[in-house]
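Visitor: One structure, pasted below without further comment.
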Amino acid sequence: IIIVYHRSLLLVKTRKIKGKNGRFFFFFSVKKRRITVDIFVEVKKYPAGLIAVEYSIKVNSLPKRCDIVVFNKSGLPEMIVECKAESVPITQKVLDQAVRYYSGLNVNYLLLTNGKTMFCYHIDIENKKIEAMKEVPNIKI
């Protein structure tokens, strides 16, 4: 795998094709996770050290992976972020997947994005409700 940094984007080589003249051409994809982390750090001012990418958890004894987890200063998870490809619409199925991850971490927020759209939810643990939010919260880190 070849990784190229360009401004705030992380590009990962996805394909290598040999052209007619013998030269190789590389195709890169933008990593949505990196863009989302940059938004958290640059815009929302979350400390980068409290953000984990591809964080492993167990749900019902099965290994799972959260795309991004934001922690508070006590080391407790505050938010799970589920990143999908731009071609994948954010649907109830995507929300359900994030809720399954939530059950393993007991976070206060879920954020779903495909790079074009972003949906954020507050988890009301006391009342066992998920409430849609108008914007990404300013987490008290």
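The values are calculated or read from the model by the stated rules, or taken from the named source; none is laboratory data. In this text, all values refer to a predicted model and were calculated from it rather than measured experimentally. Glycine gets a Cβ as well: all are built from the backbone with ideal geometry, and neighbour counts include every protein chain shown. For accessibility, only protein heavy atoms count, side chains too; no ligands or nucleic acids. Shrake-Rupley method; radii C 1.70, N 1.55, O 1.52, S 1.80 Å.
Visitor: Quick check, is LYS45 at positive phi, at pLDDT 80 or above and open to solvent by 40 Å² or more (accessible area, probe 1.4 Å)?
Guide: yes
Visitor: What's the number of the only condition in (1) in contact with a strand residue (DSSP E or B) (Cβ under 7 Å, 6 or more places away or on another chain); (2) of a type in the set (Gly, Ala, Ser); (3) touching a residue at least 40 places away in the same chain (Cβ under 8 Å) that ALA98 fails to meet?
Guide: Only one criterion in (1) in contact with a strand residue (DSSP E or B) (Cβ under 7 Å, 6 or more places away or on another chain); (2) of a type in the set (Gly, Ala, Ser); (3) touching a residue at least 40 places away in the same chain (Cβ under 8 Å) is unmet by ALA98, namely (3).
Visitor: Could you say whether any residue in the stretch 85-108 is assigned to a loop (DSSP other than H, G, I, E, B), under 19 Å from VAL37 (Cα atoms) and in contact with a Gly (Cβ under 9 Å, 6 or more places away or on another chain)?
Guide: Yes: the stretch 85-108 contains one or more residues that are assigned to a loop (DSSP other than H, G, I, E, B), under 19 Å from VAL37 (Cα atoms) and in contact with a Gly (Cβ under 9 Å, 6 or more places away or on another chain).
Visitor: Can you pull out every residue in the stretch 109-121 that is assigned to a strand (DSSP E or B), more than 19 Å from LYS73 (Cα to Cα) and not hydroxyl-bearing (Ser, Thr, Tyr)?
Guide: LEU111, LEU112, MET118, PHE119, CYS120 - these are the residues of the stretch 109-121 that are assigned to a strand (DSSP E or B), more than 19 Å from LYS73 (Cα to Cα) and not hydroxyl-bearing (Ser, Thr, Tyr).
Visitor: I'm checking my understanding of the structure. Among residues of the stretch 105-141 that are at pLDDT below 80 and open to solvent by less than 40 Å² (accessible area, probe 1.4 Å), which one is nearest to VAL59 (Cα to Cα)?
Guide: LEU105
Visitor: Has the stretch 69-91 got at least one residue that is more than 14 Å from ILE123 (Cβ to Cβ), without any contact (Cβ under 8 Å) to a residue 12 or more places away in the chain and of a type in the set (D, E, K, R)?
Guide: no
Visitor: Going by what's in this entry, would ILE57 be described as among the β-branched types (Val, Ile, Thr), closer than 19 Å to LYS128 by Cα and assigned to a strand (DSSP E or B)?
Guide: no
Visitor: Quickly run through the stretch 57-86 and pick out the residues that are open to solvent by 90 Å² or more (accessible area, probe 1.4 Å), among the small types (Gly, Ala, Ser) and at pLDDT 85 or above.
Guide: Within the stretch 57-86, SER74 is the sole residue that qualifies.
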